[in-house]
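To start, the structure under review is shown below, and the notes come after it.
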Amino acid sequence: MLNIVIFGGPGSGKGTQSEKIIEKYGLDHISTGDVLRAEIKNETELGKIADSYISKGQLVPDELIIDILASVFDKKENSRGVIFDGFPRTIPQAEALKKMLLERGTAISAVVALEVEDDELVARLLNRGKISGRSDDNQETIQKRLNVYHSQTAPLIDFYKKENLYNGIYGMGSIEEIFERIKSVIEKI
Ligand code: B4P
């Protein structure tokens, strides 16, 4: 299986580039953000809990998201591989992902990390906020999400460097230019 983690700050282009990777390489997509937003839209119990965190710019608790991830992964039968978009976001999530894949006889092939400056992240998310209707795409919540990214998610950079899986990609420029950089990493796997 070709299992790719797409990693980066909020608004770094994870969802955007995932779509292009899926189209090109025929992978399955697991976006924990999309899974949670679907639960919120359907007004499930999980959705209500998730909404109380997301609208404040916080991460949902690890236990919740780890359980969801395993059940979504197990529904992808005969998969050529999976792109993990927005997961992991904490060290415990990264450890859980490693264990889950090992138990299923597979592993992460590469981490593709989109490196984008904070000012650009804010500009992109404010722009998306004009049309997305997302409760977390406003100035105050974007700043909180950035703080959460730096304190809880960025430590994964060292975690994956130690595992020899980290591939930093310059994430500024056009969507096509960035995709070309990602392809050159994937084609070396
Ligand atoms: P996500 O859905 O993962 O949202 P995100 O970090 O904002 O990234 P997204 O993929 O949507 O945006 P993209 O970078 O593609 O998470 C939302 C929330 O859910 C989290 O804050 C958290 O609360 C919760 N959550 C999710 N996963 C979790 C987990 N594992 N654990 C705990 N909580 C979790 O693009 C952003 C914008 O930039 C778009 O408008 C796009 O068009 C634009 N853009 C992209 N590339 C561009 C480029 N090159 N140039 C200009 N604009 C570009």
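Structure values in brief
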read-out	value
Descending principal axes extents, segment 2-186, alpha-carbon based, whole Å	41, 39, 30
Reachable aspartates and glutamates from Lys161, criterion Cα separation under 17 angstrom, eight or more residues apart if same chain	Glu95, Glu115
Net charge dipole size for the chain [Lys, Arg +1 and Asp, Glu -1 on Cβ; Debye, nearest 20]	180
Too-long pairs where the Cα-Cα distance tops 31 Å, listed order kept, from Lys76/Lys162; Lys98/Lys188; Lys14/Lys41; Lys14/Lys98; Lys56/Lys183; Lys76/Lys144	Lys56/Lys183; Lys76/Lys144
Rounded to 5, percent antiparallel among DSSP beta bridges of segment 2-186	0
Average accessible area per residue (Å²) across segment 2-186 - probe 1.4 Å, nucleic acids and ligands excluded	50
Interchain or long-range residues, amide H under 5 Å from Gly8's placed H	Leu114
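The values are calculated or read from the model by the stated rules, or taken from the named source; none is laboratory data. Worth saying up front: this structure is predicted, and the values here are computed from it rather than measured. We place every Cβ from the backbone using ideal geometry, glycine too, and count neighbours over all the protein chains shown. To get the accessible areas, we keep the full protein, side chains included, count just its heavy atoms, and leave off ligands, DNA and RNA. Shrake-Rupley method; radii C 1.70, N 1.55, O 1.52, S 1.80 Å.
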